[in-house]
């Protein structure tokens, strides 16, 4: 009699052995998926390079148009100067010469103004603060979660506090570089610390730097600076440059994060052996969440927040023997009333398949004990 056929063998151990085989097969599939992800990343990088090139060409076109206008003013001024010289040679009346000279002075003034605008990025555009609300509405219509959009708006306001509220086209590269240099010294979770939360980023950094070295708080990581603080700025300036026709200040340059920035935490994935230990331990748990969530998360790829709110009615039999979880339906409270199912975005309202290993492990029996299953 084999070990698995022994009457003393816990059937859950047999399930774990079968899951190990399934996981090994999943790892092989994972290699294919990894190759696909690498190709996707390569295409994303190529797309980004093309977009940056497009932005740069657009900026060059705008500058060329403004310089052409300056050139036209110079040619017009030269023609007026020729007329003044000719009138003097021909003995034209003083009034005529005086009129031409006044016209020249006006043209010089106009040319100086135009040249100054060209060198400073053109006529002033709307203030950065003035476009925030419209940009926010546009982002929300792109199915970006309101929490994420509000976070981006707050990060942009932090930049305004640091650099000042200017016309969009009056910000320059060093404004962003100096901002990045400041962020390296800002304590993590500064807005939650009583002694800092009512101040600016600059004040938070100054406060932390003023503490004895051993009492200083941990500062932002490189990832936080790049993804939470600089990324929203790159996004809004890219969008507004297209909307208001001015050179994107991020094109052709790279804001560098100082090596003083705290290193990001590296998270290592679990090995197959470590996963097996976890699953074996979970199989003996009495609490349903500790027992089922590890398997559900591993075999479905769903977010924990999505799995935590699954109800019996959400588990449906799509075809005989094939089950799925339905996140498109609202939740039901204890009174049987419908409540909104909160998801990250509209695309998260979906169906996802339940692996056969879950059924074999007894998940459907657990679901049936919790409420109605939709067959």
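No value in this document is a laboratory result; all are computed from the given coordinates. This one's a predicted model, so the numbers in the text were calculated from it and none came from an experiment. For neighbour counting, all protein chains shown are included, and Cβ atoms are generated from backbone atoms with ideal geometry for every residue, glycine included.
Worth pointing out:
- A straight chain from residue 209 to residue 350 at 0.36 nm per residue would run longer than the Cα-Cα distance by 45.9 nm.
- As a rough guide to protection, the peptides 338-347, 239-248, 210-219, 318-327 ranked by mean Cβ packing within 10 Å, highest first, stand as 239-248, 318-327, 338-347, 210-219.
- Net lengthening on full extension, residue 318/residue 360 (0.36 nm per residue, minus Cα-Cα): 13.4 nm
- When you restrict to C-alpha pairs under 8 Å that are six or more residues apart and normalise by the size of region 186-323, the relative contact order lands at 15 percent.
- Protection proxy ranking for 125-132, 328-335, 160-167, using the average of other Cβ atoms within 10 Å per residue and placing the highest first: 125-132, 160-167, 328-335.
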